[in-house]
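The structure appears right after this line, and notes come after that.
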Amino acid sequence: MTRRCIYCLETERKFDGEEHVVSQFLGKFDPDLFLKVVCDTCNSKVISKLESTFKEDAMEGILSAQYRCRKDSSIRFKNDKLTTTFRVNGKPTTMFSNIFPCLDPATGKIELIPHVLVKGPNGRNLVMFWEGLRDAKRFDKRMNWTGKKNLTMYFFGDDDTVGKMKREIRRRGLDFREDEENIEKGESSEEMIFNYEFNATLDRDVERFISKIAFNYFAYCTLQSNLGEYLYDDYFAAIRTFVIYDVGESPVTILKHGYRTAGTENRPHIAAHFLTFYEANGRLLVNVSLFGFLTYRVQISAYPFKSIPPSVFGKGYVFDVAKHKILRPDTGEPVQKNDVSLLRH
Ligand SMILES: [Zn+2]
């Protein structure tokens, strides 16, 4: 069988890898949705770079680390984009201003896991958990990204763990001076409330990454509906070239409100993604909401299907990070792999 890449349209390339509809750093889901029609060249030369940028630059990238979607042993992010403020028993505290709070996906509550927060020059931040510190190769690679000079390091954990982490860092040849004035002690509390401020500019690479998720999802559903031949049509030339070649006008607009599941309306974000597609004014649109933070509306093309009237087209799914399931948004029931089609429920 000849495969053809839905992005570059080539047939002569390798197709050994799997392109996940929703990138794996955003969670693991059952069924596992991936495409075999994205070539290895597009994947390694373009898509994996867009993913790295998104992980480090977008709020949703940082949230994927906070929700521990992949149990990463280290996390990097740029530009001091995340400012956290904590209140303990109603009073603001500076105790936690230099730590990286993780979140329990099931409850949304803060989980404080021992770590080192390294602030390097040029706004490059690195969070390392214990496993990340012990892995010598990874440690060196990560520290090279941050830069090994002009660092500020903040340790979080009990005295034993912090002692262990400091010894490990010194053993790896990175000496540092301790500032006693910055040592703060405190107890964690049930009453801890966590707010964050985030200054994000949506750059083109972030928009390309969002567009890629939208088109991947649409492509998966199209293939499930046995309409795969449409994917190579000129209708999709604009979104293809935007994602892969960074050419043309962005198809993304931002809707301020993110998606919420029942009972989570007041949270700033949730551990679930919502993808849906629909037709409006002759256009085919996909909405992408990751962690319910914002909703991105991606214009895919003019409505392309001659055999499907728009009235029966359109569907959406919830990707639940805590349950690792894909759910129907109306009933909350889990869906099967072959149930993910283009048509309405
Ligand atoms: Zn390709």
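The values are calculated or read from the model by the stated rules, or taken from the named source; none is laboratory data. Everything numeric in this text was worked out from a predicted model, so none of it was measured. Neighbour counts run over all protein chains shown; Cβ positions are idealised from the backbone, glycine included. Surface accessibility is based on the protein's heavy atoms, side chains included, excluding ligands, DNA and RNA. Shrake-Rupley method; radii C 1.70, N 1.55, O 1.52, S 1.80 Å.
Below is a table of values for the structure above.
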| read-out | value |
| --- | --- |
| Enumeration of residues in region 219-245 that are of a type in the set (Gly, Ala, Ser) and touching a residue at least 12 places away in the same chain (Cβ under 8 Å) | ALA219, SER225, GLY228, ALA238 |
| GLY263 vs. criteria open to solvent by 20 Å² or more (accessible area, probe 1.4 Å), in a loop (DSSP other than H, G, I, E, B), on the phi > 0 side of the Ramachandran plot and modelled with pLDDT of 95 or more | no |
| Single match in LEU33, LEU50 (criterion: more than 16 Å from the ligand (Cβ to nearest atom), in contact (Cβ under 8 Å) with a residue 60 or more places away in the chain and within 24 Å of THR241 (Cα to Cα)) | LEU33 |
| Selection from region 282-313 of residues that are out of contact with any Leu (no Cβ under 8 Å at 6 or more places or on another chain) and farther than 15 Å from ASN216 by Cα | GLY282, ARG283, GLY292, LYS306, PRO309, PRO310, SER311 |
| Identity of the residue in region 10-30, open to solvent by 50 Å² or more (accessible area, probe 1.4 Å) and in contact (Cβ under 8 Å) with a residue 24 or more places away in the chain, that ends up farthest from the ligand (Cβ to nearest atom) | ASP30 |
| Test: residue in region 301-320 that is of a type in the set (Ser, Thr, Tyr), in contact with a Ser or Thr (Cβ under 8 Å, 6 or more places away or on another chain) and without any contact (Cβ under 8 Å) to a residue 60 or more places away in the chain | yes |
| Residue list for region 167-205, restricted to those being open to solvent by 40 Å² or more (accessible area, probe 1.4 Å) and modelled with pLDDT of 90 or more | ARG167, ARG170, ARG171, ARG204, ASP205 |
| Filtered residues of region 38-70 (kept if open to solvent by less than 30 Å² (accessible area, probe 1.4 Å) and over 17 Å from SER211 (Cβ atoms)) | CYS39, GLU56, MET59, ILE62, LEU63, SER64, ALA65, GLN66, TYR67, CYS69 |
| Failed item, numbered, when LEU35 is tested on (1) modelled with pLDDT of 95 or more; (2) in contact with a Gly (Cβ under 8 Å, 6 or more places away or on another chain); (3) aliphatic (A, V, I, L, M) | (2) |
| Identity of the residue in region 144-162, in a helix (DSSP H, G or I) and in contact with a strand residue (DSSP E or B) (Cβ under 9 Å, 6 or more places away or on another chain), that ends up farthest from VAL116 (Cα to Cα) | TRP145 |
